[in-house]
2 protein chains.
Amino acid sequence: MSPSTALLTDHYELTMIQAALASGHADRRCVFEAFARRLPDGRRYGVVAGTGRALEALRDFRFGEEEIAFLAEHEVVDRPTLDWLADYRFTGDIWGYAEGEVYVPGSPLLVVESTFAEGVVLETLFLSILNHDSAVASAASRMTAVAHGRPCIEMGSRRTHEESAVAAARAAYLAGFASTSNLEAGRRHGIPTMGTAAHSYTLLHDDERQAFATQLQSLGLSTTLLVDTYDVTGAVELAVELAGARLGGVRLDSGDLVNQAFEVRAQLDSLGATGTRIVVTSDLDEHAIAALHAAPVDAYGVGTKVVTGSGHPAAGMVYKLVSRENGAGQMEGVAKASKDKASVGGRKYALRRRSAAGLATEEIIGIQEQPADDGDDRTLLVPLVERGEVVAPTDVHTARAHHERARAELPQSALRMSHGEPALPTTYLDDWS
Amino acid sequence: MSPSTALLTDHYELTMIQAALASGHADRRCVFEAFARRLPDGRRYGVVAGTGRALEALRDFRFGEEEIAFLAEHEVVDRPTLDWLADYRFTGDIWGYAEGEVYVPGSPLLVVESTFAEGVVLETLFLSILNHDSAVASAASRMTAVAHGRPCIEMGSRRTHEESAVAAARAAYLAGFASTSNLEAGRRHGIPTMGTAAHSYTLLHDDERQAFATQLQSLGLSTTLLVDTYDVTGAVELAVELAGARLGGVRLDSGDLVNQAFEVRAQLDSLGATGTRIVVTSDLDEHAIAALHAAPVDAYGVGTKVVTGSGHPAAGMVYKLVSRENGAGQMEGVAKASKDKASVGGRKYALRRRSAAGLATEEIIGIQEQPADDGDDRTLLVPLVERGEVVAPTDVHTARAHHERARAELPQSALRMSHGEPALPTTYLDDWS
């Protein structure tokens, strides 16, 4: 059995349950929704990621003996609440945007229908997963878009928490990255892994010739040699001397990558190594990748910037109570009125309006009812959990295929790197009442 | 037994071992060092965090049957390498800055002495942990410094990966935060947890009066009521009406916090609730906290900005081979010459130069030898692992105490929020040769 995820939770979720149990309101039927009020500055769209991981975490969300013992010892909540938690199973329904879907401000990414107590306790864990994974996928999608088919390799594990690294590899792959350096992501999620050598391998040996020769001998001619430890031109010449024209690739990790790529390509070609690939790494982000498109580069290795969301490490999603049962047993929309943070009450439904040619044009959000499909549209909320049972796929491969399709529907403007409006305007069909 | 950490590693660490085993250089004695080439823009110092977690991860760094089976199935490395990995135990020595120590550019934060293969395979995991935890602690330390004794509460779990959240709570506590909202951080690391209620609790009820009354009844008068769901002035009046002057606190989560804090303080005082605390939350960072010092605020709840390193989610540490055995069996310094990324070869030793009054003045780094202590200085590298055995404390409480002492030694300029030079100049005593 997997370890419990139940304590990956904020203290106040449990004290709210205690107070609601005491007040007799814990069982009121409620709708919680996760959404982003805005996109990070400069972004045209976001990518929903982490849904599959969230559903797996839901399966493991159990307060077992150890969790209850901790809560009791530290008097986090009272005995009736501990008893309630010990029996906790989510029995409600969850809808959401399919993992890999594109979103804009206000898109109802997750809709949780359950009692108050069953739904509120999932807030922290669901947001942790969605905010992290969507931040990475949203950045990664821009990178793969501007890479225009050249493979992007995720290699940022060392720049983020060791478990975030596995999730980041998953989110980047979802958004079109070709592979990852992270072995656990390979094992856990079936993502292709790759890697060659670091500067330390060259420095270990008495000289670069010995390092290259032993790497080629052990890993084969298809390996990629790192050529910037000492002098790039000398290293490229040595690499082809040792490997011949069948050398798999060379990696550049420093300096002016655009100019060096041209020089190295010319040198490789002049040495007959026309099939040898040039891989570049070194603090790449979507802007650097876009600039490198002009250069003869074959693959991009991306580290820090993809795993940290390229300047936006959290997607800014919130999880809000939007509707609940009233004293008369009827559902009614609710929303806070806090300055700058007001939200739209009422259960949401969402439709991606598309032209007859299949081009996405608008995000239509219905309040309390499903907007009418005019024939070419796409319903965005799909069932994820029915009466507590996960009913949607949780694997990254399905999400990756979905993202490719969803992004292909977007207008060209969505893929621009310049600042601008969201790719799709958000239209609310009705105010809640 | 804890799960293995061995696959939280980059693919190329293992292929380098394969090539080094084949070349006969895998057993060369080596020194790897972790350090930061520079501090994030605007920072005067960094805080070493994650050392204890890294040492615990080292204990669990074992290639068991499942790990070997994955590597074999996916042909990551060859059979001799799999056999070597299956027997892997780190048997070398590690020194490092004590967890919680302050650092500047070039500070040798971790010094790993072992064979090449034993040391290189730890690169990714050690950097993941140190880069993440130090990024959080470095941001958190600035926040607690400008809070001038007012408690800071870490509540950013929902803005970062669910496991990063636990590590972030630990790093923030190390750097002087008073508590966390994250329950798992409470269980795993013994950090005080706290929390009260969200807007959803108020919205669940028919009106704010019912919400406040039930919260007070269940959680007691010492609880903190969230007063910005509808109208702050009305909510404060209601809160004191229901709880009386013994109300523990009110929380403001939106709007202009400085002005509101003054208004709410005046209102509370006029109602006789002079002991009721004002807690503010809402996208706080070190600059907002500094600005709020002028206002009558009693505690700061910090979320996104602390768990994501306040603009710098990775500390930028690297792990470099700086010295290795040569063909004659003697150790020699090595360093790459890559543009913009050149490093200083040779095993480092570090001393914090202090005045007679105990004020830190300089980071002295000796190459291949320990700098001489002039009587008031402090040696920075302490033994962490001896012949494979962890010999240093790994708990956060020791690190927290160490950080408090180390920060107190820094000159006043270190705590300025404005951009500027590192708090201590880094002086290399000698070039390696």
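The values are calculated or read from the model by the stated rules, or taken from the named source; none is laboratory data. Quantities reported herein were computed from a predicted structural model and do not represent experimental measurements. In this analysis, Cβ positions are derived from the backbone assuming ideal geometry, glycine residues included, and neighbour counts consider all displayed protein chains. Accessible surface areas use protein heavy atoms only, side chains included; no ligands, DNA or RNA. Shrake-Rupley method; radii C 1.70, N 1.55, O 1.52, S 1.80 Å.
Phi angles of the stretch B:370-379 translate, via the Karplus equation with coefficients 6.51, -1.76, 1.60 and θ = phi - 60°, into HN-Hα couplings of 6, x, 6, 7, 8, x, 10, 7, 10, 6 Hz per residue; Gly and Pro are given as x. Residues of the stretch B:187-207 that bury at least 50 Å² of accessible area once all protein chains are present, compared with their chain alone (1.4 Å probe, heavy atoms only, ligands and nucleic acids left out), are B:Arg187, B:Ser200, B:Tyr201, B:Leu203, B:Leu204, B:Asp206.
A label point on B:Ala291, set 7 Å along the Cα-to-Cβ line, lies at 3.2 nm from each of its counterparts in the other copies, closest listed first.
Close amide H contacts of B:Asn326 (hydrogens built in the peptide plane, cut-off under 5 Å, sequence separation of 5 or more or a different chain): B:Met331, B:Glu332.
Each other copy places its own label point for B:Arg188 at 1.2 nm from this one, sorted shortest first, where the point lies 7 Å along the Cα-to-beta carbon line. Computed over the protein assembly as shown, the Cα gyration tensor eigenvalues convert (square root of 5λ each) into semi-axes of 46, 34, 24 Å, ordered from largest to smallest. Taken residue by residue and averaged, Cβ atoms of other chains lying within 10 Å of the Cβ of A:306-317 number 4. Excluding ligands, DNA and RNA, the accessible surface per residue across chain B is 35 Å² with a 1.4 Å probe. Of the solvent-accessible surface of the stretch B:383-433, computed with a 1.4 Å probe and all protein chains present, 48% belongs to carbon and sulfur.
What does the charge count near B:Leu226 come to, summing +1 for each Lys or Arg and -1 for each Asp or Glu among other residues with Cβ under 9 Å from its Cβ? List each step's numbers first, then the result.
Details: positive: B:Arg251; negative: B:Asp228, B:Asp253.
Within the 9 Å Cβ shell, the charges total -1.
Modelled spin-label separation between A:Ala337 and B:Glu332, with each label point placed 7 Å from Cα along the Cα-to-Cβ direction: 7.8 nm.
Along each principal axis, taking the top coordinate minus the bottom one, the Cα set of the stretch B:148-306 gives 40, 33, 23 Å in descending order.
Buried between B and A is an accessible area of approximately 7700 Å², summed over both sides with a 1.4 Å probe.
At R0 = 45 Å, how high is the FRET efficiency between A:Asp87 and A:Leu221 if r is their beta carbon distance? Nearest 0.05 is fine.
Values: r = 61 Å, r/R0 = 1.36.
Rounded to the nearest 0.05, the efficiency is 0.15.
Counting only DSSP beta bridges whose two residues both lie in the protein assembly as shown, roughly 70 percent are antiparallel.
Hey, got the dipole for the protein assembly as shown? About the Cα centre, +1 on K and R Cβ, -1 on D and E Cβ, debye to the nearest 20?
Working: 80 positive and 118 negative charges, 217 e Å.
It works out to roughly 1040 debye.
Taking the charge dipole of the stretch A:138-307 about its Cα centre, with +1 at Lys and Arg Cβ atoms and -1 at Asp and Glu Cβ atoms, the residue from A:Thr229, A:Gly255, A:Ala147 reaching farthest to the positive side is A:Ala147.
When the C-alpha to C-alpha distance is required to be over 28 Å, the pairs from A:Lys305/B:Lys336; B:Lys305/B:Lys348; A:Lys305/A:Lys336; A:Lys348/B:Lys305; A:Lys305/B:Lys320; B:Lys305/B:Lys339 that qualify are B:Lys305/B:Lys348; A:Lys305/A:Lys336; A:Lys348/B:Lys305; B:Lys305/B:Lys339.
Defining a contact as two alpha carbons under 8 Å apart and six or more residues distant in sequence, what relative contact order in percent does chain A show? Before the final figure, lay out each step's value.
Numbers: 916 pairs, mean separation 100.0, N = 433.
Here the relative contact order equals 23 percent.
In a simple Cβ point-charge model (Lys, Arg +1; Asp, Glu -1; nothing else charged), the stretch A:138-307 has a dipole of about 700 debye relative to its Cα centre.
Site pair A:Asn259 and B:Ser270 shows an inter-label distance of 6.8 nm when each label is modelled 7 Å from Cα along Cα→Cβ.
Return a whole-number percent for the relative contact order of the stretch B:91-211, with Cα pairs under 8 Å and 6 or more residues apart as the contact set. Write down the numbers at each step before the final one.
Working: 126 pairs, mean separation 20.5, N = 121.
After rounding, I find 17 percent.
Contact-buried residues of the stretch A:210-232, at a threshold of 40 Å² lost accessible area versus the chain by itself: A:Ser218, A:Leu219 (1.4 Å probe; DNA, RNA and ligands ignored). Surface calculation, 1.4 Å probe, protein heavy atoms: A:Arg209 sits at approximately 110 Å² accessible. Inter-chain neighbour count for A:102-113: the average number of beta-carbon atoms from partner chains within 10 Å of each residue's beta-carbon is 0.
What share of the DSSP beta bridges in chain A is antiparallel, in percent to the nearest 5?
On the way: 37 of 55 bridges.
Percentage antiparallel, nearest 5: 65.
Here the stretch A:83-153 was treated as a single set of alpha-carbon atoms; its pair distances binned every 5 Å from 0 give 3, 12, 20, 19, 14, 11, 8, 6, 4, 2, 1, 0 percent. Normalised by 2.2 N^0.38 Å, where N counts its residues, the alpha-carbon radius of gyration of the stretch A:246-401 equals 1.66. Note on the stretch A:24-76: the C-alpha convex hull projects to 7.0 nm² when averaged across all orientations.
Label-point spacing for A:Asp373 across the identical copies (point 7 Å from Cα in the Cβ direction), in nm and ascending order: 7.6.
Quickly estimate the mean residue ellipticity at 222 nm for the protein assembly as shown, helices only: each DSSP H run with n ≥ 4 gives -39500 (n - 2.57), and the total goes over all residues, rounded to 500. The partial results should precede the final answer.
Working: 30 runs with 314 residues, N = 866.
-11000 deg cm²/dmol, from helical runs alone.
At a threshold of 50 Å², the residues of the stretch A:1-23 that become less accessible to a 1.4 Å probe in the full protein assembly than in their chain on its own are A:Leu7, A:Leu8, A:Asp10, A:His11, A:Tyr12, A:Met16, A:Ala19.
Taking the longest Cα principal axis of chain B as reference, the axis of helix B:11-23 is set at about 10 degrees. Peptides A:377-389, A:10-22 ranked from most to least packed, by the mean per-residue count of other Cβ atoms within 10 Å: A:10-22, A:377-389. What the Kirkwood sum gives for chain B is a hydrodynamic radius of 23.7 Å, with every pair of different alpha carbons counted.
The share of accessible area on the stretch A:138-307 that comes from carbon and sulfur is 49 percent, using a 1.4 angstrom probe. Taking a ≥ b ≥ c as the square roots of the eigenvalues of the Cα gyration tensor, the stretch B:1-98 is classed as prolate, since a/c reaches at least 1.5 and a/b is larger than b/c.
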